[in-house]
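Only one structure is covered here, and it is reproduced in the block below.
The values are calculated or read from the model by the stated rules, or taken from the named source; none is laboratory data. Remember, predicted model here, so these are calculated numbers, not experimental data. Here the Cβ is made from the backbone with ideal geometry for all residues, glycine too, and neighbour counts use every protein chain on show. The protein model used for the area step is the full one, side chains on, heavy atoms only, and it has no ligands, DNA or RNA in it. Shrake-Rupley method; radii C 1.70, N 1.55, O 1.52, S 1.80 Å.
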Amino acid sequence: MADPYGFLKHTRAEPKKRPAAERLSDWNEVYRDVPAEQRDAEVRTQASRCMDCGIPFCHSGSAGCPLGNLIPEWNDLVRTGDWGLASDRLHATNNFPEFTGKLCPAPCEAACVLAISNDSGGAVAIKRVEETIADVSWEQGHVRPAQAQVVSGKRVAVVGSGPAGLAAAQQLTRAGHEVTVFERDDRLGGLLRYGIPEFKMEKKVLDRRLAQLRKEGTKFVTGCEVGVDLTVEELRAQFDAVVLAVGALRGRDDTTTPGRSLQGIHLAMEHLVPANRACEGDGPPAIDAAGKHVVIIGGGDTGADCYGTASRQGAASVLQLDQYPMPPSTRDDARSPWPLWPWILRTYPAHEEAGERKFAVAVEKFVGDEDGHVRQIQLRKVRVEKDATGRRQVVPTSEEVEVLPADLVLLAIGFEGVEHMPLLDGLGIQLTSRGTISCGSDWQTQSPGVFVCGDAHRGASLVVWAIAEGRSVANAVDRYLTGSSDLPSPVIPNMLPLAVV
């Protein structure tokens, strides 16, 4: 910490966005391209705000980063302009820092000591520094394939090519095992490919990392559903260990609201996947918001992704509904004290572009036309409370019913867990009551030699937790195959973020 007054001299500064009208005319990322020299200078200033705390909560697994990213270290290296060593320190704990730099909601920033008070100028812009280190690493050639020093002769199958599966695969390949990643889709990346819109992360960023993994020796098979195209018997015969990184893609539906069966009402992923395929060049999407009044039910990240996608498709209007009240703009210490993840209003770039949001409301009824297509919603003000048994209830607070146009309704109300698939039946694996795959302390499921990580184990979670679990399961598989492992293991299976209960 060469400048102990850095956080006093400089306030937090976010990267500049392109004008909203320009963003809505294409699918490119929302932030402006600036000359590398200007970008680097701005980020070095932001890095100088880091206080190099004696106890750095930012990389605490319980409050900040589960990967244990060495944030104060690479902040200071960026401050001094040593981008090469900063890249080494960042990649020592994170296989894919550009993924987290673009997509992670940054629990590290919520746990930053400068986030304690609004008078501090704001938390260190850790995500911005992280993403810039990754960009400079590629630009200056610091990212190179890491070849295994020994060959184990063991073969590992990784089922699923999302961030957890890719992290596990890269770590195991570098440990000397022969790794094959199986993906049932036609392209690699899982939700990184077909769930994350192009304007949040351009897919060339993903393809660049996949090329690195291939050069290191990881093999990929697409269009293969393990358990069907490759039977469980063949899987067992060909591989010494199996990692399940199949995600938690079973979308939560609304089966109780009258009119749900009308045409034009879809789960969020039914909209996002074809929209992403269209950006890949696969032709027009089957579900298009162009010219339609779009209503998005659900206030989280997936809803915001649908929001930005519908706006870019040319929707006549976009409305996002949240049954919870509008959060405060600043941290409520009584509800979510530092260093916990704060309950605050989160405004995504998509919300600045078009449309509107409504809080503390719920759809009472979907109304259709004579052809059975949704055309309106009936909306009531509500509050969410718990009954005597602790079950959540949505209770109307007003007799007034608001009628709004709706030609396309997207349900972004979360995920119920792992999809039911022949692979799990063949392996004799049963899902938990939460719809996830359980494991022991060694990440091994009830099926011997079969391990699990990522959303399939945790339920729908953050990209940083997926990478952390992928790295940890690689340690467990390496230990299972060889008797010991030097691979890092940043988290344990039952680890949870710090929370108020």
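Pairs of alpha-carbon atoms within less than 8 angstrom and 6+ residues apart define the contacts here; what relative contact order does the chain have, in percent?
16 percent
Given the C-alpha centroids of segment 388-425 and segment 236-270, what is the distance between them in whole angstrom?
Here the two parts' Cα centres lie 14 Å apart.
Could you compute the FRET efficiency for residue 25 and residue 150, with r as their C-beta to C-beta distance and R0 at 51 Å, rounded to 0.05? Walk me through the numbers on the way to the answer.
Values: r = 52 Å, r/R0 = 1.02.
E(calc), rounded to 0.05, equals 0.45.
Please compute P(r) over all alpha-carbon pairs of segment 358-429, binned at 10 Å starting from zero, and give each bin as a whole-number percent.
Binned Cα distances yield the sequence 15, 30, 26, 18, 9, 0.
Quick check on the chain: of the DSSP beta bridges with both residues there, what percent are antiparallel, nearest 5%?
35 percent
Which entries of 16/219; 9/203; 204/292; 127/203; 17/203 have Cα-Cα distances beyond 27 Å here? Walk me through the intermediate numbers first.
On the way: 16/219 39 Å; 9/203 37 Å; 204/292 30 Å; 127/203 19 Å; 17/203 19 Å.
Checking Cα-Cα distances, 16/219; 9/203; 204/292 exceed 27 Å.
Could you tell me how far the Cα centroid of segment 426-459 sits from the Cα centroid of segment 85-99, in Å?
Each part's Cα centre sits 28 Å from the other's.
For residue 357, what charge total do you get from the other residues with a beta carbon under 15 Å from its beta carbon, if Lys and Arg give +1 and Asp and Glu give -1?
Its environment carries a net charge of -4.
Just need the relative contact order of segment 276-361 here, percent rounded to a whole number, with Cα pairs under 8 Å and 6+ apart.
29 percent
Once phi is turned into ³J(HN,Hα) by the Karplus curve 6.51 cos²θ - 1.76 cosθ + 1.60 with θ = phi - 60°, what whole-Hz value does each residue of segment 149-165 show in order, with x for glycine and proline?
In residue order, the calculated couplings are 7, 9, 10, 7, x, 9, 10, 10, 9, 10, 9, x, 10, x, x, 5, x Hz.
Over all distinct alpha-carbon pairs, what is the Kirkwood Rh of segment 270-349 in angstrom?
With all distinct Cα pairs of segment 270-349 included, I get 14.4 Å.
Measuring from centroid to centroid over Cα atoms, what is the spacing of segment 23-72 and segment 192-212 in Å?
19 Å
Going from most exposed to least, what order do 183, 198 have by accessible area with a 1.4 Å probe?
198, 183
In whole Hz and in residue order, list the ³J(HN,Hα) couplings for segment 120-132 that follow from phi through the Karplus curve 6.51 cos²θ - 1.76 cosθ + 1.60, θ = phi - 60°; x for Gly and Pro.
7, x, x, 4, 4, 6, 4, 4, 5, 5, 4, 4, 5
If we sort 255-266, 76-87, 98-109, 458-469 on the protection proxy, mean other Cβ atoms within 10 Å, highest first, what's the order? All intermediate terms of the calculation are to be shown ahead of the outcome.
Numbers: 255-266: 14.8, 76-87: 19.1, 98-109: 23.3, 458-469: 25.0.
Highest mean packing first, the order is 458-469, 98-109, 76-87, 255-266.
Net charge near residue 342, counting Lys/Arg +1 and Asp/Glu -1 over other residues with Cβ under 14 Å of its Cβ? Before the final figure, lay out each step's value.
Values: positive: 331, 335, 346; negative: 109, 332, 333.
Every neighbour counted, the sum reads 0.
So what is the calculated 222 nm ellipticity per residue for the chain, using -39500 (n - 2.57) for each DSSP H run with n of 4 or more, over all residues, to the nearest 500 deg cm²/dmol?
After summing the helix terms and dividing by residue count, I get -8500 deg cm²/dmol.
Report the Stokes-Einstein translational diffusion coefficient (µm² s⁻¹, integer) for segment 386-494, Rh taken as the Kirkwood radius over Cα pairs, at 10 °C with viscosity 1.306 mPa s.
The estimated diffusion coefficient comes to 93 µm²/s.
Mind pulling the per residue volume of the convex hull built on the Cα atoms of segment 219-327? Å³ is fine.
In segment 219-327, the Cα convex hull volume per residue is 182 Å³.
If ligands, DNA and RNA are left out, what is the accessible area of residue 485 with a 1.4 Å probe, given in Å² to the nearest 10?
Around 20 Å² of this residue is reachable by solvent.
Could you put 341, 443, 138 in order of accessible surface area, largest first, with the 1.4 Å probe and the full protein assembly present?
The ordering from most to least exposed comes out as 341, 138, 443.
Extension gain residue 383-residue 140, at 0.36 nm per residue separation less the Cα-Cα distance, in nm?
Working: separation 243, 0.36 × 243 = 87.48 nm, distance 5.29 nm.
Roughly 82.2 nm would be gained on extension.
Grab the other residues whose beta carbon is less than 12 angstrom from that of residue 150, score K and R as +1, D and E as -1, and report the net.
Surrounding charge for residue 150 is 0.
At 1.4 Å probe radius, can you tell me the per residue accessible area of segment 162-255 in Å²?
On the way: 3320 Å² over 94 residues.
With all protein chains present, segment 162-255 gives 35 Å² per residue.
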